Every structure is written in structure tokens, then in C-alpha cells.
Amino acid sequence: MATTTVDIRKNDTVKVIAGKDKGKQGRVLRVMPDKGRVLVEHIGVVKKHVRPNPQKRVKGGIAEQESAVSISNVMLVCGTCGPVRVGHEVRGDKKVRICRKCGTILEK
């Protein structure tokens with residue numbers, strides 16, 4: 001299977017541009033490049049029926065958890081401009097992500 005490169009990384013802030021949560025922003029919890037999906041905090045929340053498990057101290061009931069969203073449905077948020085496309089540039093000896101609108105580096 002070929003590896004895919006993804007411009008979105010863990011702890012990035014993204015904005016949902018399509019789907020039921022369109023317009024919402026959240027922090028990326030997990031990136032799944034092989035599936036082309038990301039897990040975003042408070043986005044795509046679904047209800048999961050949980051069975052009680054006293055050994056793991058899990059209380060039964062209906063729990064809410066995030067479901068994965070397609071990478072094509074989210075856009076990276078620049079701190080100054082808002083949602084932007086991502087560019088790449090070589091600065092020194094490192095390849096960095098840059099904002100396409102203002103040109104600032106999108107690294108943490």
C-alpha cells in the first residue's frame with residue numbers, strides 16, 4: 001500500500017468545511033493517513049452504547065465519542081488569517097509548512 005502525505009498534524013487547529021458540523025473548529029486528536037481521516041475534538045460526535053465492565057471500572061450506558069472525519073472536509077487554520085491552504089518551503093535545512101495567504105510558518 002502506498003503511503004500518503006498529509007498536511008494536517010496532531011494538535012493542529014482545523015475548521016470543518018463540509019458535512020453536518022460545517023463551520024465548527026477543533027483540535028486534531030489523531031491523524032489516520034492510510035484511511036484519509038482525522039479525529040477532531042468535539043466534531044462528528046456519535047453515541048456509543050457501552051456495556052458495564054467492573055474490572056476496568058467502566059460504567060455502562062450511552063457514551064458520546066468523536067468519529068473520524070475525512071481529511072478533505074477539514075481545512076487548517078492559520079493563527080492570523082483563518083482557514084488556509086498549506087504550502088511547503090525549505091527554510092535552512094528543514095521543510096516547513098507555510099500559510100498560502102500570509103506566508104507565516106504553521107509550525108508549533
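The values are calculated or read from the model by the stated rules, or taken from the named source; none is laboratory data. This is a predicted model, so every value here is computed, not measured. All Cβ positions, glycine included, derive from the backbone under ideal geometry; neighbour counts span all protein chains shown. Keep in mind that these areas ignore ligands, DNA and RNA; they rest on the heavy atoms of the full protein, side chains included. Shrake-Rupley method; radii C 1.70, N 1.55, O 1.52, S 1.80 Å.
Roughly speaking, to the nearest percent, how much of the chain's 1.4 Å accessible area is carbon and sulfur? Please report the intermediate quantities before stating the final value.
On the way: 3850 of 7780 Å².
The nonpolar share, carbon plus sulfur, comes to 50 percent.
Cα-Cα over 24 Å: which of Lys22/Lys94; Lys22/Lys47; Lys10/Lys56; Lys15/Lys101; Lys22/Lys101; Lys35/Lys101? Mind dumping the intermediate values first?
Values: Lys22/Lys94 34 Å; Lys22/Lys47 19 Å; Lys10/Lys56 28 Å; Lys15/Lys101 16 Å; Lys22/Lys101 22 Å; Lys35/Lys101 29 Å.
Over 24 Å apart, Cα to Cα: Lys22/Lys94; Lys10/Lys56; Lys35/Lys101.
Would you list which aspartates and glutamates come within 16 Å of Lys24, measuring only between C-alpha atoms, while excluding same-chain residues fewer than 8 positions from it?
Partners within reach: Asp12, Glu41, Glu66.
Across region 39-98, what fraction of all alpha-carbon pairs, as a whole percent, falls in each successive 10 Å bin from zero upward?
18, 27, 24, 15, 14, 2
How big is the chain on each of its three principal axes, counting only the C-alpha atoms and giving the largest first in Å?
Here the spans come out as 55, 31, 26 Å, largest first.
For region 1-59, taking Cα atoms only, what is the radius of gyration to one decimal and the Dmax to the nearest whole Å?
15.1, 42
Within a Cβ distance under 15 Å of Gln65, other residues only, what is the Lys/Arg minus Asp/Glu net charge?
Working: positive: Arg30, Arg37, Lys47, Lys48, Arg51, Lys59; negative: Asp21, Glu41, Glu64, Glu66.
Combined, the nearby Lys, Arg, Asp and Glu give +2.
Every cysteine in the chain with no other Cys Cβ under 4.7 Å from its Cβ, please list them in numeric order.
So far as the 4.7 Å Cβ criterion goes, Cys102 stand without a partner in the chain.
Might you tell me the accessible area per residue for region 1-105, computed with a 1.4 Å probe and given in Å²?
Values: 7500 Å² over 105 residues.
Roughly 71 Å² per residue, with all protein chains present.
Return one quarter of the surface area of the convex hull spanned by the alpha-carbon atoms of region 68-108, equal to its mean projected area, in nm².
3.5 nm²
Under a 5 Å amide H to amide H cut-off, with H placed in plane at 1.01 Å, what residues pair with Val74 once short-range neighbours are removed?
Residues meeting the criterion, in which the H sits 1.01 Å from N, are Ile17.
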